[in-house]
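The values are calculated or read from the model by the stated rules, or taken from the named source; none is laboratory data. Source: prediction; values computed, not measured. All Cβ positions, even for glycine, are placed from backbone atoms using ideal geometry, and neighbour counts span all protein chains on display. We work out accessible area using only protein heavy atoms, side chains counted, and drop any ligands, DNA or RNA first. Shrake-Rupley method; radii C 1.70, N 1.55, O 1.52, S 1.80 Å.
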Amino acid sequence: MTDLLAYNFNLDTPRLAGALGHAAHHHIGQSFMHDLAREGDTLSAEVIMLAGGEIDFPDDEGRRPLHEAAFFGRIDMVKFLVQNGAVIDAPLHPFGYTALYYAVQEGHHEIAQWLLAQGARRDVTDRLTGQGLLHLAAIRGDMQMVGLLIAAGTDVLAEDRKGQTARDYAARYRHTGLEKTLLKV
C-alpha cells in the first residue's frame with residue numbers, strides 16, 4: 001500500500017477500491033484499469049496489478065482494458081496487459097470485436113502488427129455485418145494495414161454477410177489504388 005501512496009492514489013476512492021476488487025465499479029461495470037488503459041498509464045497499472053488488482057476485468061458488455069488500450073492506440077499498455085495475462089482474443093458482446101479488431105478499425109498499425117505477432121485471431125468479424133479485418137482496412141483506404149493483414153495470412157476473399165469482399169469496399173469508397181492491389185492479390 002505504501003507504493004500506492006507514493007503514486008498519490010487516494011485509497012478511499014470508490015474507483016481505486018473497485019480496481020483493487022474492494023467495491024464499486026463504473027455504471028457499466030468498468031474498473032479503474034479500464035481508465036488506465038485508455039490513458040496508457042502503464043506505471044499506475046503495474047502498481048495496481050502488484051497490489052492485487054485485476055488487469056483483465058470485463059465490464060457489462062465484455063469490454064476489457066485490452067480493448068480500451070487497442071482502441072485508443074496505447075501500444076505500451078497493450079503489451080503490458082497481454083504480457084501479464086490479458087486474454088488477447090476476448091470478444092466484446094454482442095458483436096465479437098477483439099483488441100485486434102479495434103486496432104485495425106482505428107488504424108493503429110503498430111498495435112495490429114504486435115497483436116498479430118502474438119497470435120491474435122485474424123478471422124474476427126462483426127457478428128452483425130460479417131465485416132472482417134480487411135473490410136475495415138479497405139473502408140479506411142489503409143494500404144499499410146491491408147499489407148499487414150495479408151502478410152499475416154488474412155483471407156483476401158473473405159465475404160461479409162452481403163457477399164462483399166475487401167476489394168468491393170475499396171471500390172465503394174473510391175480507394176482505387178487499394179482496389180487494384182486487392183484485385184491483383
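Only helical runs count toward this figure. For the chain, summing -39,500 (n - 2.57) over DSSP H runs of n ≥ 4 and dividing by all residues gives -13500 deg cm²/dmol at 222 nm.
In order along the stretch 31-42, the Karplus-derived 3J(HN,Hα) couplings, from 6.51 cos²θ - 1.76 cosθ + 1.60 at θ = phi - 60°, round to 9, 4, 4, 4, 4, 4, 5, 4, 7, x, 8, 5 Hz, and Gly and Pro are given as x. Among 135, 108, 82, whose Cα lies farthest out toward the positive end of the dipole of the stretch 67-185, if unit charges sit on the beta carbon of Lys, Arg (+1) and Asp, Glu (-1)? Positive-end residue among those listed: 135.
Using alpha-carbon positions, what is the distance between the centroids of the stretch 166-185 and the stretch 80-99, in Å? Measuring centre to centre over Cα atoms gives 29 Å.
Against the set (i) 20.3, 78; (ii) 16.0, 53; (iii) 18.5, 60, the structure's computed Rg and Dmax of the Cα atoms in Å falls on (iii). Each other residue within a Cβ distance under 12 Å of residue 40 adds +1 if Lys or Arg and -1 if Asp or Glu, for a net charge of -2.
Under the 0.36 nm per residue contour assumption, what length would be gained going from the current alpha-carbon distance of residue 60 and residue 28 to full extension?
Length gained, residue 60 through residue 28: 11.0 nm.
Put a dot 7 Å past the Cα of residue 185, heading toward its Cβ, do the same for residue 95, and the two dots end up 2.2 nm apart.
Residues whose amide H comes within less than 5 Å of that of residue 97, counting only those at least five positions distant or on another chain, are 92 (H built at 1.01 Å from N in the peptide plane). Per residue, the chain exposes an accessible area of 50 Å² to a 1.4 Å probe, with every protein chain left in place. Evaluating 6.51 cos²θ - 1.76 cosθ + 1.60 at θ = phi - 60° for every residue in the stretch 52-62, the Karplus couplings come out as x, x, 7, 9, 10, 6, x, 7, 5, 9, x Hz, glycine and proline recorded as x.
Scalar couplings 3J(HN,Hα) for the stretch 69-79, obtained by applying the Karplus form with A = 6.51, B = -1.76, C = 1.60 to θ = phi - 60°, are 4, 5, 4, 8, x, 9, 4, 5, 5, 4, 4 Hz; x denotes Gly and Pro. Considering only the other residues whose Cβ falls under 10 Å of the Cβ of residue 87, what net charge follows from Lys and Arg at +1 and Asp and Glu at -1? For residues surrounding residue 87, the net value is -1. Here each label is just a point 7 Å from Cα along the line to Cβ, and for residue 123 and residue 172 those points are 2.3 nm apart.
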